[in-house]
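Chemist: Just dropping this structure here.
The values are calculated or read from the model by the stated rules, or taken from the named source; none is laboratory data. Nothing here was measured: the structure is a model prediction, and the numbers come from that model. We place every Cβ from the backbone using ideal geometry, glycine too, and count neighbours over all the protein chains shown. Accessible surface areas use protein heavy atoms only, side chains included; no ligands, DNA or RNA. Shrake-Rupley method; radii C 1.70, N 1.55, O 1.52, S 1.80 Å.
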Amino acid sequence: MAERTLTLSIGPQHPGAGHFRLIVVLDGDIVVDVKPDPGYVHRGAEKMAEYRTYIQNIPHLERPVIIDSSGILFPYVLASEELLDLPPPPRAQYIRIIMAELNRIISHLYWLGIYGVFVGHTTMFLWPVGDRELFIDLAQMIAGARVTFAFFVPGGVRNDIPDDFPDKAIKVCNYYEKRLKEYEKIFFYNPLVLKRTQGVGILKREDAIELGATGPNLRGSGVKSDVRKDEPYSSYDDIDFEIPVYKDGDCWSRCMVRLGELYQSMNIIKQAIKKMPSGPVKNAKRGVLKGIEGEAFARTESARGTMAYYIISDGKPYPYRLKLSVPSFRCLSLMKHLLVNQHVADIPAIYWGLDYWPVEADK
Amino acid sequence: MSLAIDLISAINQAIKNLFKRRITLRYPEVNLDIERGYSYDPKAQVGIAGYKGRHILHLEKCTGCSLCAIACQNIANCIAMVKLDVSYPQNKKSIFPQIDYGNCVFCGFCVDACPFYALFMTNDHELSSTDKKSLIMSPLQLSIPPVKKKGLVQLEIDDRGPYHK
Amino acid sequence: MMGVLVGKLSEVIEKVVDEPLSYVINWGRLYSLWPVHLETACCSAEFGACHGPRFDAERFGVLEAFGSLRQCDLLIVFGTVTRKMMPRLKLIYDQMPEPKYVIAMGACAIDGGLYFDSYNVLPGIDKIIPVDVYIPGCPPRPEAVVQAIMMLQEKIRRNKAIAIGSWIRKKFLKKG
Amino acid sequence: MSLTTERERALLDKIKAKFEDVIKEKYVKPKRIRIDVSPQKIFEVASFLKALGFNQVASVAGTDYPSSNEMEVVYHIVAIDNELRDIVFALGERVSRDNPIVPSLTDVWKSASYHEQETYEMLGIKFEGHPRLERLLLPEDWADIPPLRKEFKLPGRE
């Protein structure tokens, strides 16, 4: 048996793997064993956080997942607000929702671009990556950068939205909702894509919960779980939206969940713009911010799933310990479960279907 | 039969996309119109939306308090206070920030830290260089406003798709 | 007498052979800068955008080559190089054929950036491989990447690909 | 958002009724409960929590306390798709720093596996019964002490 197998390293210099290595053991073209080897971008964010104040921590904490940088910062500001006793004003909460949803769209479109390439549909790289620029421009209007915004701070957001933002955002959303219909026609219901994704990499409902799947991967397995509904943070309980859930648990369901989320995110942005109250956007305190002694745990729903921070403070301006729990790291346990006994040709479809972002997992 | 329908719908889709507009920004000839840079109002303690590009230093307002350097110390450690041969009444020691763009991450927290309206950000983002040393910008270089670019365009949307105008 | 002759000869060769040949070779190199697909960190997301329809780096001959290292002549280091990635980066650089060019993209690749005090990050890639162009930013805008590529092309254009004339001068004039 | 803690209290009482003298209540906040258990009893408490409906581990955080010569491991447990879905339950345990060995909870929650491996690597806490305690994120040639211990200093810092 041992002689007949072949060990294959996919990554770290491989277009399909990114900054990550997947050690695959093959028998013929069937995968026998899989060992994920992360850590190529481990930069020690948790240790660095112990040397930086609550404000100085913001830039480096959003780097692990720059395509969803608001999503990773959201629980951090929630947890540090609890420790610093700085509740955000209502307008800031709506601006945060808009930024988080814009980022969800940006992140999903980037994923869709890469997924398109890896199931052999190059048009689906060019369309989403091009249309993603519309939303990047919107985010840049508010936060002044293309991807790394450093926009959320404990106590609110750094600046108010510009006056011409609401009109432009609604225009872009209306255009893009129409455009997504074309995406469905050309990609999601394309016979080629259906052949490559339907019935491939099936994750059953019980396994998904047991192995710790989260976010779209969990919802693709028929579990209705979303932190925005389970434990509404910020102002999500004022907004009316749905959680797309698909039952089959294969790659195609995970794609469709993300497609549904694109529609829902635009819906949320439109509602938030309408419901946004006026008022200040930041609850400021002068001087160096010091945390009260204690601990805080906050979780939010980022583009890839539940993002959580656990911060322990000992009354100093620096956190005593900061633990960052990211959804991509939880995907590691799914890989072996999904890839074993599949064909080699299905590895890209399954691996990228999980939306695993290696930098995020490595922290 | 179904194959024929699929084929026709595919061709139809392709023809429709022939008449779409192009989103490509012809970069060196035209530039994206970013109106202003990020600035901060220390009285209201809130920022004013804008692009976070390279900094601009108003020498006549900088007091050399080095609050920007302290704010940056643990973030990217790229601001150093250097002595200049100019004399301004508000800056007795004549020290001004010098920024190393090899390290700067354009987060703008130094702008938030400045209480004297002296340090803001501009919309200039083209800083590539073949030499590492020329990435370090002295206070005098920082005080020069960026050159106004030619061929400014913005992203517009109409029925035929997004395009630059 | 001999020295003057050799000097004249080398000048003529420089004008007639070196310059036109260099121009042709450089022209070939300029518009076929194929980058290695090595993603070291998060800046690769912006490089993806750079290859999207909006900025379209392919206009400048930079093809996102999904091919072998033996065909690549440009190494763009997208951000942070960790201690685990460092040997791999060196290996990839050594495997590339000459001539090869390196672009350091982002603050982490230039100087360590945000991670200047991290225990697992290499502060600046120019400690292990030579760098031609630096792009500041965290991450840089796609326009800045395109600008860096144009800068690199300018550098290649000025480069003397063939130098028979100066070789003759060095070889014969020193002795004579 | 409700700011009462009645549900959380009722839940905690249910656990207290079973493990009266084993658990130590640390705090009860809206939607957050934290209890401390000794490492010997944590397996039983964890099994009971899973039976209650907490079926996924969101994070395993290790913390180093050199002042009291102890290390702490906190499991943050969430409930997926049942009526406890809005509560995050924190289950903590403390061990001596000299010989940090705690039982692994991978048999209760499979989702704890990679989190425990990371905690082992970053703090050197050994999880007894874990299927693979090996290198994960750090480079292969790492020979220093685990980086998240407090005596490990970043280069150039005090």
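Chemist: Does residue C:113 satisfy the condition of being free of Cβ contacts under 8 Å to residues at least 60 places away in the same chain, open to solvent by less than 10 Å² (accessible area, probe 1.4 Å) and at positive phi?
Modeler: So residue C:113 fits the description; yes.
Yes or no, residue by residue, for (1) away from chain D (no Cβ under 14 Å); (2) closer than 21 Å to residue A:116 by Cα:
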{"site": "A:223", "(1), (2)": "no, no"}
{"site": "A:235", "(1), (2)": "no, no"}
{"site": "A:243", "(1), (2)": "no, no"}
{"site": "A:252", "(1), (2)": "yes, yes"}
{"site": "A:257", "(1), (2)": "yes, yes"}
{"site": "A:262", "(1), (2)": "yes, yes"}
{"site": "A:278", "(1), (2)": "yes, no"}
{"site": "A:287", "(1), (2)": "yes, no"}
{"site": "A:293", "(1), (2)": "no, no"}
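Chemist: Turning to a different aspect of this structure: Inspect the range D:15-24 for any residue being more than 24 Å from residue A:210 (Cα to Cα) and open to solvent by less than 30 Å² (accessible area, probe 1.4 Å) and give the result as yes or no.
Modeler: There is at least one residue in the range D:15-24 that is more than 24 Å from residue A:210 (Cα to Cα) and open to solvent by less than 30 Å² (accessible area, probe 1.4 Å).
Chemist: Now for a separate question. Given the conditions (1) over 30 Å from residue A:362 (Cα atoms); (2) of a type in the set (A, V, I, L, M); (3) open to solvent by less than 40 Å² (accessible area, probe 1.4 Å); (4) more than 14 Å from the chain's Cα centre (by Cα), which single one is not true for residue C:41?
Modeler: So the condition that residue C:41 fails would be (1).
Chemist: State all residues of the range D:40-75 that are open to solvent by less than 20 Å² (accessible area, probe 1.4 Å) and either in a loop (DSSP other than H, G, I, E, B) or of a type in the set (Val, Ile, Thr) (or both); if no residue qualifies, say none.
Modeler: Result: D:42, D:45, D:53, D:54, D:57, D:60, D:63, D:73, D:74.
Chemist: Could you check the range A:292-307 and list, in sequence order, the residues that are surrounded by 24 or more Cβ atoms within 10 Å (Cβ to Cβ) and in contact with a Gly (Cβ under 9 Å, 6 or more places away or on another chain)?
Modeler: Those that are surrounded by 24 or more Cβ atoms within 10 Å (Cβ to Cβ) and in contact with a Gly (Cβ under 9 Å, 6 or more places away or on another chain): A:300, A:301, A:302, A:303, A:304, A:305, A:306, A:307.
Chemist: Related question: Quick one: is residue D:84 closer than 19 Å to residue A:39 by Cα, buried (at least 17 other Cβ atoms within 10 Å of the Cβ), within 13 Å of chain A (Cβ to nearest Cβ) and aliphatic (A, V, I, L, M)?
Modeler: In short, no.
Chemist: Which members of the range A:51-86 meet the condition of being assigned to a helix (DSSP H, G or I), open to solvent by 10 Å² or more (accessible area, probe 1.4 Å) and under 24 Å from residue B:110 (Cα atoms)?
Modeler: Those that are assigned to a helix (DSSP H, G or I), open to solvent by 10 Å² or more (accessible area, probe 1.4 Å) and under 24 Å from residue B:110 (Cα atoms): A:78, A:81.
Chemist: Okay, moving on. Show me the helices (runs of 4 or more DSSP H) entirely contained within the range B:39-157 in which 1 or more residues are touching a residue at least 24 places away in the same chain (Cβ under 8 Å) and surrounded by fewer than 17 Cβ atoms within 10 Å (Cβ to Cβ).
Modeler: B:67-73, B:139-142
Chemist: Do any residues in the range D:133-152 that are within 19 Å of residue D:115 (Cα to Cα) and open to solvent by 20 Å² or more (accessible area, probe 1.4 Å) have Cβ atoms under 9 Å from those of residues that are of a type in the set (A, V, I, L, M, F, W, C) and outside any loop (DSSP other than H, G, I, E, B), where the two are at least six apart or on different chains, and which pairs are they?
Modeler: Listed pairs, sorted by first residue: D:133/D:127; D:146/D:122; D:146/D:123; D:149/D:71; D:149/D:122; D:149/D:123.
Table: residues versus (1) more than 23 Å from residue A:134 (Cα to Cα); (2) more than 12 Å from chain C (Cβ to nearest Cβ); (3) in contact with a Gly (Cβ under 9 Å, 6 or more places away or on another chain).
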residue: B:56; (1), (2), (3): yes, yes, yes
residue: B:62; (1), (2), (3): yes, yes, no
residue: B:74; (1), (2), (3): yes, no, no
residue: B:89; (1), (2), (3): yes, yes, no
residue: B:149; (1), (2), (3): no, no, no
residue: B:154; (1), (2), (3): no, yes, no
residue: B:159; (1), (2), (3): no, yes, no
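Chemist: If we only count helices (runs of 4 or more DSSP H) wholly inside the range A:243-354, which ones have 2 or more residues that are of a type in the set (A, V, I, L, M) and modelled with pLDDT of 90 or more?
Modeler: In the range A:243-354, the matching helices (runs of 4 or more DSSP H) lie at A:251-275.
Chemist: If we scan the range A:35-51, do we find a residue that is more than 14 Å from chain D (Cβ to nearest Cβ) and more than 16 Å from residue A:327 (Cβ to Cβ)?
Modeler: No, the range A:35-51 contains no residue that is more than 14 Å from chain D (Cβ to nearest Cβ) and more than 16 Å from residue A:327 (Cβ to Cβ).
Chemist: Okay, moving on. Filter the range C:66-80 down to residues that are assigned to a loop (DSSP other than H, G, I, E, B) and within 9 Å of chain A (Cβ to nearest Cβ) and give me whichever is farthest from residue C:126 (Cα to Cα).
Modeler: Of everything passing the filter in the range C:66-80, C:66 is farthest from residue C:126 (Cα to Cα).
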